[in-house]
1. Applying the selection to segment C:78-90, what residues are under 16 Å from B:H52 (Cα atoms) and in contact with a helix residue (DSSP H, G or I) (Cβ under 9 Å, 6 or more places away or on another chain)?
2. Against the conditions (1) within 17 Å of A:M2 (Cα to Cα); (2) crowded, with 18+ Cβ neighbours inside 10 Å, where does A:Y70 fall short? Just the number, please.
3. Provide a single number: the residues in segment A:96-117 that are farther than 15 Å from A:L31 by Cα, at pLDDT 95 or above and either among the β-branched types (V, I, T) or open to solvent by 40 Å² or more (accessible area, probe 1.4 Å) (or both).
4. What number of residues within segment B:54-89 are in contact with a Lys or Arg (Cβ under 8 Å, 6 or more places away or on another chain) and under 24 Å from B:S14 (Cα atoms)?
5. Taking segment A:61-72 on its own, how many of its residues are without any contact (Cβ under 8 Å) to a residue 24 or more places away in the chain, facing chain C (nearest Cβ under 9 Å) and hydrophobic (A, V, I, L, M, F, W, C)?
6. Please count how many residues of segment A:18-54 are out of contact with any strand residue (DSSP E or B) (no Cβ under 6 Å at 6 or more places or on another chain), more than 27 Å from C:R56 (Cβ to Cβ) and part of a loop (DSSP other than H, G, I, E, B).
7. Please go through (1) out of contact with any helix residue (DSSP H, G or I) (no Cβ under 7 Å at 6 or more places or on another chain); (2) within 9 Å of chain C (Cβ to nearest Cβ); (3) among the hydrophobic types (A, V, I, L, M, F, W, C); (4) in contact (Cβ under 8 Å) with a residue 12 or more places away in the chain for B:F104 and return the number of the only condition it doesn't satisfy.
8. For C:E92, state whether it is within 9 Å of chain A (Cβ to nearest Cβ), touching a residue at least 12 places away in the same chain (Cβ under 8 Å) and crowded, with 16+ Cβ neighbours inside 10 Å.
Amino acid sequence: MMVPARMDFVNITSDVEEALADSGIQEGLCLINAMHITASVFINDDESGLKHDYKRWLEQLAPHEPVSGYRHNMTGEDNGDAHHKRQIMGREVVVAVTKGRLHFGPWEQIFYGEFDGMRKKRVLIKIIGE
Amino acid sequence: MMVPARMDFVNITSDVEEALADSGIQEGLCLINAMHITASVFINDDESGLKHDYKRWLEQLAPHEPVSGYRHNMTGEDNGDAHHKRQIMGREVVVAVTKGRLHFGPWEQIFYGEFDGMRKKRVLIKIIGE
Amino acid sequence: MMVPARMDFVNITSDVEEALADSGIQEGLCLINAMHITASVFINDDESGLKHDYKRWLEQLAPHEPVSGYRHNMTGEDNGDAHHKRQIMGREVVVAVTKGRLHFGPWEQIFYGEFDGMRKKRVLIKIIGE
(Lines give C-alpha, C1' and ligand atoms only; values in the text may rest on other atoms or scores of the structure.)
Protein backbone atom coordinates (compact mmCIF):
# COMPACT_ATOMS: atom_id res chain seq x y z
CA MET A 1 0.00 0.00 0.00
CA MET A 2 1.06 3.62 -0.45
CA VAL A 3 -0.31 6.18 2.01
CA PRO A 4 -0.45 9.67 0.40
CA ALA A 5 0.51 11.54 3.59
CA ARG A 6 3.45 11.44 5.97
CA MET A 7 1.24 10.14 8.81
CA ASP A 8 -2.15 8.44 8.53
CA PHE A 9 -4.17 5.44 9.68
CA VAL A 10 -5.86 2.95 7.35
CA ASN A 11 -8.51 0.45 8.48
CA ILE A 12 -7.37 -2.95 7.20
CA THR A 13 -9.90 -5.12 9.07
CA SER A 14 -11.70 -6.33 5.94
CA ASP A 15 -8.39 -7.34 4.32
CA VAL A 16 -7.57 -9.46 7.36
CA GLU A 17 -11.06 -10.99 7.38
CA GLU A 18 -10.62 -11.91 3.73
CA ALA A 19 -7.27 -13.56 4.37
CA LEU A 20 -8.79 -15.48 7.26
CA ALA A 21 -11.70 -16.71 5.12
CA ASP A 22 -9.23 -17.79 2.41
CA SER A 23 -7.18 -19.75 4.95
CA GLY A 24 -10.13 -21.85 6.06
CA ILE A 25 -8.75 -21.82 9.61
CA GLN A 26 -11.42 -22.14 12.30
CA GLU A 27 -9.46 -22.04 15.58
CA GLY A 28 -6.07 -20.40 16.03
CA LEU A 29 -4.12 -17.15 16.10
CA CYS A 30 -3.76 -14.44 13.48
CA LEU A 31 -0.64 -12.27 13.48
CA ILE A 32 -0.79 -8.98 11.59
CA ASN A 33 2.40 -6.90 11.47
CA ALA A 34 3.94 -4.01 9.63
CA MET A 35 6.94 -5.18 7.57
CA HIS A 36 8.48 -1.72 7.84
CA ILE A 37 10.08 -0.10 10.85
CA THR A 38 8.42 3.28 10.41
CA ALA A 39 4.90 1.85 10.46
CA SER A 40 2.58 0.14 12.94
CA VAL A 41 -0.31 -2.26 13.09
CA PHE A 42 -2.63 -1.62 16.02
CA ILE A 43 -6.21 -2.11 17.16
CA ASN A 44 -8.47 0.72 18.21
CA ASP A 45 -11.67 2.55 17.32
CA ASP A 46 -12.48 3.73 13.77
CA GLU A 47 -13.47 7.25 14.77
CA SER A 48 -12.18 10.28 12.87
CA GLY A 49 -11.77 12.48 15.95
CA LEU A 50 -9.59 9.83 17.59
CA LYS A 51 -7.37 9.60 14.54
CA HIS A 52 -6.91 13.36 14.68
CA ASP A 53 -6.05 13.12 18.41
CA TYR A 54 -3.50 10.35 17.82
CA LYS A 55 -1.72 12.37 15.14
CA ARG A 56 -1.45 15.45 17.33
CA TRP A 57 -0.32 13.38 20.34
CA LEU A 58 2.32 11.40 18.44
CA GLU A 59 3.63 14.62 16.90
CA GLN A 60 3.96 15.99 20.43
CA LEU A 61 5.73 12.87 21.79
CA ALA A 62 8.08 12.56 18.80
CA PRO A 63 7.99 15.66 16.59
CA HIS A 64 9.07 15.48 12.96
CA GLU A 65 10.75 18.88 13.20
CA PRO A 66 13.50 19.80 13.68
CA VAL A 67 14.78 17.01 11.45
CA SER A 68 18.25 17.68 12.84
CA GLY A 69 16.95 16.69 16.29
CA TYR A 70 17.41 13.00 15.41
CA ARG A 71 20.91 11.60 14.96
CA HIS A 72 19.32 8.92 12.76
CA ASN A 73 18.61 11.62 10.19
CA MET A 74 22.35 12.12 9.65
CA THR A 75 22.07 8.96 7.48
CA GLY A 76 20.25 11.16 4.95
CA GLU A 77 16.76 10.10 6.06
CA ASP A 78 14.25 12.50 7.58
CA ASN A 79 12.17 9.81 9.32
CA GLY A 80 13.77 9.64 12.77
CA ASP A 81 10.45 10.63 14.32
CA ALA A 82 8.64 7.81 12.50
CA HIS A 83 10.82 5.17 14.20
CA HIS A 84 9.74 6.63 17.55
CA LYS A 85 6.03 6.96 16.76
CA ARG A 86 5.98 3.34 15.62
CA GLN A 87 7.26 2.18 19.04
CA ILE A 88 4.35 3.95 20.79
CA MET A 89 1.71 2.42 18.52
CA GLY A 90 3.36 -1.01 18.20
CA ARG A 91 4.54 -3.25 15.35
CA GLU A 92 1.92 -5.96 15.45
CA VAL A 93 -1.27 -7.41 16.85
CA VAL A 94 -2.20 -11.01 17.51
CA VAL A 95 -5.91 -11.76 17.26
CA ALA A 96 -7.70 -14.94 18.34
CA VAL A 97 -9.54 -16.90 15.65
CA THR A 98 -12.70 -18.61 16.93
CA LYS A 99 -15.20 -20.45 14.73
CA GLY A 100 -13.53 -19.04 11.64
CA ARG A 101 -13.89 -15.39 12.69
CA LEU A 102 -11.62 -12.73 14.21
CA HIS A 103 -12.59 -12.93 17.88
CA PHE A 104 -13.18 -9.25 18.55
CA GLY A 105 -14.70 -7.07 21.22
CA PRO A 106 -17.44 -4.59 20.24
CA TRP A 107 -15.31 -1.81 18.75
CA GLU A 108 -12.04 -3.44 17.79
CA GLN A 109 -10.77 -2.55 14.31
CA ILE A 110 -7.30 -3.21 12.87
CA PHE A 111 -5.30 -0.25 11.57
CA TYR A 112 -2.17 0.19 9.57
CA GLY A 113 -0.37 3.23 10.98
CA GLU A 114 1.92 5.04 8.59
CA PHE A 115 4.52 7.49 9.94
CA ASP A 116 6.73 7.93 6.87
CA GLY A 117 4.31 7.75 3.99
CA MET A 118 4.44 8.19 0.25
CA ARG A 119 6.52 5.03 0.01
CA LYS A 120 5.30 1.55 -0.92
CA LYS A 121 4.87 -0.63 2.16
CA ARG A 122 3.55 -4.05 3.11
CA VAL A 123 1.63 -5.70 5.93
CA LEU A 124 2.07 -9.39 6.77
CA ILE A 125 -0.87 -11.59 7.78
CA LYS A 126 0.04 -15.02 9.18
CA ILE A 127 -2.65 -17.36 10.44
CA ILE A 128 -1.98 -20.59 12.27
CA GLY A 129 -4.39 -23.15 13.63
CA GLU A 130 -6.75 -25.71 12.16
CA MET B 1 -15.14 -7.46 35.19
CA MET B 2 -16.05 -3.99 36.42
CA VAL B 3 -13.27 -1.82 37.85
CA PRO B 4 -14.66 0.70 40.39
CA ALA B 5 -12.29 3.53 39.38
CA ARG B 6 -11.55 5.36 36.17
CA MET B 7 -7.99 3.95 36.07
CA ASP B 8 -6.66 0.88 37.87
CA PHE B 9 -4.66 -2.33 37.38
CA VAL B 10 -5.94 -5.80 38.27
CA ASN B 11 -3.68 -8.85 38.55
CA ILE B 12 -5.33 -11.57 36.42
CA THR B 13 -2.48 -14.12 36.47
CA SER B 14 -4.41 -16.74 38.42
CA ASP B 15 -7.39 -16.50 36.02
CA VAL B 16 -5.05 -17.19 33.12
CA GLU B 17 -3.40 -20.08 34.97
CA GLU B 18 -6.81 -21.59 35.58
CA ALA B 19 -7.81 -21.28 31.92
CA LEU B 20 -4.51 -22.92 30.95
CA ALA B 21 -5.05 -25.81 33.36
CA ASP B 22 -8.59 -26.29 31.99
CA SER B 23 -7.27 -26.38 28.41
CA GLY B 24 -4.91 -29.27 29.12
CA ILE B 25 -2.39 -27.74 26.70
CA GLN B 26 1.24 -28.57 27.50
CA GLU B 27 3.23 -26.76 24.77
CA GLY B 28 2.04 -23.70 22.90
CA LEU B 29 1.18 -20.03 23.08
CA CYS B 30 -1.33 -18.19 25.24
CA LEU B 31 -2.78 -14.89 23.99
CA ILE B 32 -4.41 -12.63 26.56
CA ASN B 33 -6.02 -9.42 25.26
CA ALA B 34 -8.40 -6.69 26.32
CA MET B 35 -11.59 -6.84 24.25
CA HIS B 36 -12.09 -3.10 24.75
CA ILE B 37 -10.17 -0.25 23.21
CA THR B 38 -9.84 1.79 26.40
CA ALA B 39 -8.15 -1.04 28.32
CA SER B 40 -4.86 -2.95 28.23
CA VAL B 41 -3.38 -6.30 29.12
CA PHE B 42 0.29 -6.08 30.05
CA ILE B 43 2.96 -7.86 32.08
CA ASN B 44 4.91 -6.21 34.85
CA ASP B 45 5.60 -6.34 38.60
CA ASP B 46 2.82 -6.59 41.20
CA GLU B 47 4.12 -3.77 43.39
CA SER B 48 1.82 -1.06 44.71
CA GLY B 49 4.35 1.77 44.35
CA LEU B 50 4.83 0.91 40.69
CA LYS B 51 1.07 0.97 40.07
CA HIS B 52 0.96 4.45 41.61
CA ASP B 53 3.87 5.54 39.39
CA TYR B 54 2.20 4.18 36.24
CA LYS B 55 -1.03 6.07 36.98
CA ARG B 56 0.77 9.37 37.51
CA TRP B 57 2.93 8.86 34.41
CA LEU B 58 0.03 7.90 32.11
CA GLU B 59 -1.94 10.86 33.39
CA GLN B 60 1.02 13.05 32.48
CA LEU B 61 1.42 11.55 28.98
CA ALA B 62 -2.33 11.63 28.20
CA PRO B 63 -4.27 13.69 30.76
CA HIS B 64 -7.98 13.12 31.25
CA GLU B 65 -8.58 16.84 31.66
CA PRO B 66 -9.44 19.02 29.87
CA VAL B 67 -11.99 16.67 28.32
CA SER B 68 -12.38 19.17 25.48
CA GLY B 69 -8.70 18.59 24.61
CA TYR B 70 -9.65 15.45 22.66
CA ARG B 71 -11.67 15.74 19.48
CA HIS B 72 -12.84 12.15 20.14
CA ASN B 73 -14.82 13.50 23.09
CA MET B 74 -17.02 15.49 20.72
CA THR B 75 -18.79 12.14 20.14
CA GLY B 76 -20.23 12.56 23.64
CA GLU B 77 -17.63 10.33 25.32
CA ASP B 78 -15.12 11.61 27.88
CA ASN B 79 -12.59 8.79 27.39
CA GLY B 80 -10.29 10.25 24.73
CA ASP B 81 -7.39 9.95 27.16
CA ALA B 82 -8.14 6.26 27.77
CA HIS B 83 -7.61 5.42 24.07
CA HIS B 84 -4.15 7.00 24.35
CA LYS B 85 -3.14 5.39 27.66
CA ARG B 86 -4.10 2.01 26.25
CA GLN B 87 -1.64 2.43 23.35
CA ILE B 88 1.23 3.06 25.78
CA MET B 89 0.47 -0.02 27.89
CA GLY B 90 -0.56 -2.27 24.97
CA ARG B 91 -3.61 -4.35 24.01
CA GLU B 92 -2.27 -7.86 24.56
CA VAL B 93 0.46 -10.20 25.69
CA VAL B 94 1.50 -13.53 24.26
CA VAL B 95 2.99 -15.94 26.79
CA ALA B 96 4.80 -19.21 26.06
CA VAL B 97 3.29 -22.38 27.51
CA THR B 98 5.89 -24.98 28.50
CA LYS B 99 5.13 -28.24 30.30
CA GLY B 100 1.60 -27.04 30.97
CA ARG B 101 2.67 -23.82 32.73
CA LEU B 102 2.95 -20.14 31.80
CA HIS B 103 6.65 -19.84 31.01
CA PHE B 104 7.49 -16.79 33.10
CA GLY B 105 10.55 -14.98 34.36
CA PRO B 106 10.92 -14.36 38.11
CA TRP B 107 8.57 -11.37 38.52
CA GLU B 108 6.23 -11.51 35.56
CA GLN B 109 2.56 -11.03 36.43
CA ILE B 110 -0.32 -10.37 34.02
CA PHE B 111 -2.42 -7.24 34.54
CA TYR B 112 -5.66 -5.92 33.17
CA GLY B 113 -5.26 -2.16 32.86
CA GLU B 114 -8.47 -0.15 32.97
CA PHE B 115 -8.48 3.47 31.74
CA ASP B 116 -12.23 4.10 31.48
CA GLY B 117 -13.67 2.14 34.38
CA MET B 118 -17.07 1.64 35.96
CA ARG B 119 -18.21 -0.18 32.82
CA LYS B 120 -18.42 -3.93 32.32
CA LYS B 121 -15.47 -5.24 30.30
CA ARG B 122 -13.99 -8.52 29.15
CA VAL B 123 -10.58 -10.12 28.64
CA LEU B 124 -10.02 -12.86 26.07
CA ILE B 125 -7.73 -15.82 26.75
CA LYS B 126 -6.90 -17.99 23.74
CA ILE B 127 -4.51 -20.91 24.07
CA ILE B 128 -3.19 -22.91 21.16
CA GLY B 129 -0.83 -25.88 21.11
CA GLU B 130 -1.02 -29.51 22.18
CA MET C 1 23.09 -12.06 29.01
CA MET C 2 24.60 -9.21 31.02
CA VAL C 3 24.58 -5.73 29.46
CA PRO C 4 27.45 -3.58 30.84
CA ALA C 5 25.42 -0.33 30.92
CA ARG C 6 22.21 0.79 32.56
CA MET C 7 20.50 1.17 29.17
CA ASP C 8 21.49 -0.40 25.86
CA PHE C 9 20.17 -2.35 22.87
CA VAL C 10 21.59 -5.68 21.67
CA ASN C 11 20.81 -7.19 18.26
CA ILE C 12 19.72 -10.78 18.93
CA THR C 13 18.46 -11.63 15.42
CA SER C 14 21.10 -14.28 14.76
CA ASP C 15 20.34 -16.02 18.08
CA VAL C 16 16.69 -16.25 17.08
CA GLU C 17 17.58 -17.50 13.60
CA GLU C 18 19.73 -20.20 15.18
CA ALA C 19 16.94 -21.31 17.52
CA LEU C 20 14.58 -21.44 14.54
CA ALA C 21 16.97 -23.56 12.50
CA ASP C 22 17.40 -25.92 15.48
CA SER C 23 13.63 -26.28 15.83
CA GLY C 24 13.19 -27.50 12.26
CA ILE C 25 9.88 -25.63 12.10
CA GLN C 26 8.91 -24.48 8.59
CA GLU C 27 5.56 -22.70 9.09
CA GLY C 28 4.39 -21.09 12.33
CA LEU C 29 4.95 -18.30 14.83
CA CYS C 30 8.01 -17.36 16.84
CA LEU C 31 7.54 -15.53 20.15
CA ILE C 32 10.56 -13.70 21.55
CA ASN C 33 10.13 -12.02 24.95
CA ALA C 34 12.15 -10.52 27.75
CA MET C 35 11.79 -12.61 30.92
CA HIS C 36 12.44 -9.52 33.04
CA ILE C 37 10.16 -6.59 33.66
CA THR C 38 12.81 -3.91 33.22
CA ALA C 39 13.75 -5.08 29.72
CA SER C 40 12.17 -5.24 26.27
CA VAL C 41 12.30 -7.18 23.05
CA PHE C 42 11.42 -5.10 20.01
CA ILE C 43 11.99 -4.88 16.27
CA ASN C 44 13.53 -1.91 14.57
CA ASP C 45 16.54 -0.77 12.54
CA ASP C 46 20.14 -1.59 13.48
CA GLU C 47 21.45 1.95 13.09
CA SER C 48 23.66 3.53 15.72
CA GLY C 49 22.15 7.02 15.43
CA LEU C 50 18.68 5.57 16.05
CA LYS C 51 19.88 3.77 19.19
CA HIS C 52 21.27 7.06 20.45
CA ASP C 53 17.94 8.78 19.69
CA TYR C 54 15.93 6.08 21.50
CA LYS C 55 18.07 6.39 24.63
CA ARG C 56 17.67 10.16 24.77
CA TRP C 57 13.93 9.95 24.09
CA LEU C 58 13.23 7.25 26.66
CA GLU C 59 15.28 9.18 29.23
CA GLN C 60 13.07 12.19 28.48
CA LEU C 61 9.80 10.22 28.75
CA ALA C 62 10.82 8.38 31.93
CA PRO C 63 13.98 9.88 33.48
CA HIS C 64 16.16 7.81 35.82
CA GLU C 65 16.77 10.83 38.06
CA PRO C 66 15.54 11.85 40.53
CA VAL C 67 15.37 8.28 41.85
CA SER C 68 13.00 9.56 44.55
CA GLY C 69 10.54 10.53 41.80
CA TYR C 70 9.29 6.93 41.64
CA ARG C 71 7.39 5.46 44.56
CA HIS C 72 8.56 2.03 43.35
CA ASN C 73 12.07 3.01 44.39
CA MET C 74 10.98 3.12 48.04
CA THR C 75 11.30 -0.70 47.86
CA GLY C 76 15.07 -0.13 47.79
CA GLU C 77 15.37 -0.42 44.01
CA ASP C 78 16.47 2.44 41.76
CA ASN C 79 14.90 1.06 38.58
CA GLY C 80 11.44 2.69 38.62
CA ASP C 81 12.26 4.38 35.32
CA ALA C 82 13.18 1.03 33.73
CA HIS C 83 9.67 -0.36 34.34
CA HIS C 84 8.30 2.63 32.42
CA LYS C 85 10.78 2.55 29.54
CA ARG C 86 10.01 -1.13 29.04
CA GLN C 87 6.30 -0.36 28.53
CA ILE C 88 7.12 2.09 25.73
CA MET C 89 9.36 -0.38 23.90
CA GLY C 90 7.28 -3.50 24.65
CA ARG C 91 7.86 -6.91 26.24
CA GLU C 92 7.76 -9.15 23.21
CA VAL C 93 7.52 -9.62 19.48
CA VAL C 94 5.79 -12.34 17.49
CA VAL C 95 7.36 -13.08 14.11
CA ALA C 96 5.90 -15.22 11.34
CA VAL C 97 7.91 -18.26 10.26
CA THR C 98 7.61 -19.03 6.54
CA LYS C 99 9.59 -21.73 4.71
CA GLY C 100 11.79 -22.15 7.77
CA ARG C 101 12.84 -18.48 7.94
CA LEU C 102 11.85 -15.45 10.00
CA HIS C 103 9.45 -13.69 7.66
CA PHE C 104 10.88 -10.18 7.80
CA GLY C 105 10.56 -6.92 5.94
CA PRO C 106 13.69 -5.30 4.50
CA TRP C 107 15.13 -3.70 7.67
CA GLU C 108 13.58 -5.64 10.54
CA GLN C 109 16.06 -6.70 13.24
CA ILE C 110 15.25 -8.05 16.71
CA PHE C 111 16.66 -6.21 19.71
CA TYR C 112 16.93 -6.90 23.39
CA GLY C 113 16.43 -3.58 25.19
CA GLU C 114 18.01 -3.31 28.62
CA PHE C 115 16.89 -0.53 30.97
CA ASP C 116 18.39 -1.78 34.25
CA GLY C 117 21.65 -3.39 33.20
CA MET C 118 24.64 -4.98 34.89
CA ARG C 119 22.38 -7.84 36.03
CA LYS C 120 22.07 -11.28 34.46
CA LYS C 121 18.92 -11.52 32.34
CA ARG C 122 17.25 -13.93 29.95
CA VAL C 123 15.24 -13.86 26.72
CA LEU C 124 12.72 -16.59 25.89
CA ILE C 125 12.29 -17.89 22.33
CA LYS C 126 9.25 -20.11 21.75
CA ILE C 127 8.46 -21.43 18.29
CA ILE C 128 5.28 -23.25 17.37
CA GLY C 129 4.17 -24.73 14.06
CA GLU C 130 5.23 -27.61 11.93
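The values are calculated or read from the model by the stated rules, or taken from the named source; none is laboratory data. What you see is a predicted model; the values in this text were computed from it and never measured. Don't worry about glycine lacking a Cβ; one is built from the backbone with ideal geometry, like all the others, and counts go over all protein chains shown. Each accessible area value is taken on the protein alone, full model and side chains, heavy atoms only, with ligands, DNA and RNA left out. Shrake-Rupley method; radii C 1.70, N 1.55, O 1.52, S 1.80 Å.
1. C:D78, C:N79, C:G80, C:D81, C:H83, C:H84, C:K85, C:Q87
2. Result: A:Y70 passes all but (1).
3. Residues that pass the stated criteria total 2.
4. 0
5. 0
6. So the count comes out to 4.
7. (4)
8. Taking the combined requirement at face value, the residue does not satisfy it.
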